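Working notes, structure below.
The values are calculated or read from the model by the stated rules, or taken from the named source; none is laboratory data. What you see is a predicted model, and the numbers here were worked out from it, not measured in a lab. Every residue, glycine as well, gets a Cβ built from its backbone with ideal geometry; the counts of neighbours run over all protein chains shown. Accessible surface areas use protein heavy atoms only, side chains included; no ligands, DNA or RNA. Shrake-Rupley method; radii C 1.70, N 1.55, O 1.52, S 1.80 Å.
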Amino acid sequence: MNLNDIAEWSERNRRWLLTRLAYWRECIEAMVAEAAAVPGSPPDEPAVDGFKPAALRLAAMFGLSTFETELLVLSAGVEVDALLREAVARAQGLAAGRPVQLDFSLALKLLPQAHWDAISPLAPLRAWSLVECDASLGLAQAALRIDERILHAITGVAAFEQRLVGIARLADPAPDSADSPAAAAIARAVVEQPSALVVLADARLDAERRRGARALAGAALRRARLGALWVDAAALNGDARELAEIARRLEREALLAQAGVVLSLSEEAAHTGAALRLLALLSGPAIVLGAPSPLQLADIRRPVLRFAVPRVQTAPRADLPPRVRAAAQRALQQFRVEPALLEQALQSVPDGDDAAATEGALWQALREAARGGLDALAQRIDSRTTFDDLVVPPFVAAQLREITAQLRHRQTVYHDWGLGQGQTRGLGLAVLFAGESGTGKTTAAEAIANAAGLDLYRIDLSSVVSKYIGETEKNLARLFDAAEASGAILLFDEADALFGKRSDVKDSHDRYANIEVAYLLQRIESYRGLAILTTNMKGALDRAFLRRLRFIVQFPFPDAAAREQIWQRQFAQGAPLGQVDFAALARLQLTGGSIRSVALHAAFRAADAERKIDQQLLIEAAQVEHAKLERTMNGSLRGGLQWP
């Protein structure tokens, strides 16, 4: 229905309602004047062009009798028509200035086909909370007041149930890439079996699949010509009376808005229980995003239809220029984003004939769009380190470049060449960097990330590991789910803290610790990206991880030649460097990390003393570093300078 049709219907509905209220006002005035009931029914307008006023739509929607329908109209009139309100006040003998509410006794005298049970708690008027009934003076004198949401519906005013604000929201699902055969099948089930509960059972596997489930639910309801009433499970509590009231308001709103209820199960057990109890109280079309077990659904007395959630692949539009489309297809092999984010990225691509610039800009835009919530779960490392900045033996450099090559060509090998066909595990890349602290493991990870054009995230163990049973696994699940969509490289620094050996079960703590390690084994194997584990205690890792590692790179302690190169690379061209004997400094048995620390320490001392960075300051800084490492430093350095 377009805006013109809506405006025309609204005007015709207003005229119909005013005519109806004017009729009942005349009847009330005649009854007051003659002190007798005025029987009869209001004249009905012939249906023209399929027009149906809101009051009659509500009557059909909620199964109202003729008496109940006119009672609802009269209750609305008391709220919106001042002349009718005055007539009702006179008929009920109310003094001027007193608030006016419709007495049920007046309705019984005035309206046609009256029946006493219209205000029974099980009758539609009260069962659906269409009217509020104050029976403190007895049922015959019960004061009736129309519900605000129903008043808006009768008068044709767009509204939403205020008691559902913060719990549910109404959205008209728009077409998207999820409009697929799966959406058509779900829509058919919703139309043919409106009393069935549709469960999208794979929605809890990962964040990407959950987004796909939401899109699929919206597309299915759109095909069924329904809106979507999205319910936040986390906003529910376990109070039975409150849940019953929410369920009644929710189902009423779904009928008024011609929508289906969509509820995404929360990870919290308390919220899930409340959500399932709410579902048990609903009877209209409902879709659940999650994977409730048959036991959890045992109390829901309605058919349950389960549908798998296919992985939705976002594809670039066919009308894009060939070079832009090719660049988008390549980027989408790495980054999983929703169609709207893809369109935003495409709009940011500069126009021009430079294919490399186009591909680079689109890759970067999708890289940023795919980050999602990963920044809140791990620490992103921004670095410009390249392979040329590494000082490692040739065999280590060769391994690092091979890791990068495998990361770049996964799509070609697994998909184009078919080596990953039928496989769901082991398609990612897990590597171990082992070596002493400061030998370049983290720097090597930064170089790989820059060479592949990917984000590098260091896992903060404090935000992952929890002393509460099951929480560590939940944190890891959120982490891996977010990383799957972003295509990022995960860096588990000091990995032995998470990937330690499983032990013999002596108590419940051992059992749950082993469960954490087993869960990590599964997620590492199923992760599609690159996961880098670093450790200086390789022997502490569980041997089951070693089988799942594609590469194990051993970073050796740098020899004298390597240490000299590392010393020379510490100082940029703008640094005020004095007389320094790098060959002599290379005699110090320090790793690259320690050399970096010594260079910074000496530089700050030079800045404070307003002098150049020279051999003397470097020796003094080296003494501090050795003391920190609890090692002694004896002898002299070439160049004529003695140890201080």
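Of the residues 278, 539, 309, the one whose Cα sits farthest towards the positive end of the charge dipole of the chain is 539 (charges of +1 on Lys and Arg Cβ, -1 on Asp and Glu Cβ, taken about the Cα centre). Given the C-alpha centroids of segment 574-609 and segment 326-371, what is the distance between them in whole angstrom? Each part reduced to its Cα centre gives a spacing of 43 Å.
For segment 71-199, give the percent of accessible area contributed by carbon and sulfur heavy atoms, probe 1.4 Å, rounded to a whole number.
Details: 3350 of 6160 Å².
Looking at segment 71-199 in its full context, I get 54 percent from C and S.
Each part reduced to its alpha carbon centroid, segment 216-255 and segment 455-497 end up 33 Å apart.
For the peptides 221-228, 602-609, residues were scored by their other Cβ atoms within 10 Å and the scores averaged per peptide; the highest-first order is 221-228, 602-609.
The residue among 366, 593, 131 whose Cα reaches farthest toward the positive pole of the charge dipole of the chain, with charges on the beta-carbon of Lys, Arg, Asp and Glu, is 593.
Relative contact order for segment 288-395: what is it in percent, counting Cα pairs under 8 Å that are at least 6 residues apart? Could the numbers behind the result be given before it?
Working: 55 pairs, mean separation 23.1, N = 108.
Value for segment 288-395: 21 percent.
On full extension, the segment bounded by residue 296 and residue 258 gains 10.9 nm, given 0.36 nm per residue less the C-alpha separation.
Tell me the mean residue ellipticity at 222 nm calculated for the chain from its helices only (DSSP H runs of n ≥ 4, each -39500 (n - 2.57), averaged over every residue, nearest 500).
Values: 24 runs with 299 residues, N = 644.
Roughly -14500 deg cm²/dmol at 222 nm, from the helical runs in the chain.
Here Cα Rg over 2.2 N^0.38 Å was computed from the coordinates, and among [x] 1.12; [y] 1.40; [z] 0.97 the match is [y].
Dipole of the chain computed with +1 at Lys/Arg Cβ and -1 at Asp/Glu Cβ about the Cα centre; of 228, 191, 265, farthest Cα towards the positive end is 265. In this Cβ point-charge picture (+1 for Lys and Arg, -1 for Asp and Glu), the chain has a dipole of about 1520 debye about its Cα centre. In the context of the full set of protein chains, the chain has a per residue accessible area of 50 Å² (1.4 Å probe). In the chain, Cα pairs under 8 Å separated by at least six residues give a relative contact order of 9 percent. For the set 441/628; 467/628; 441/612, the pairs lying more than 27 angstrom apart at their alpha carbons are 467/628; 441/612.
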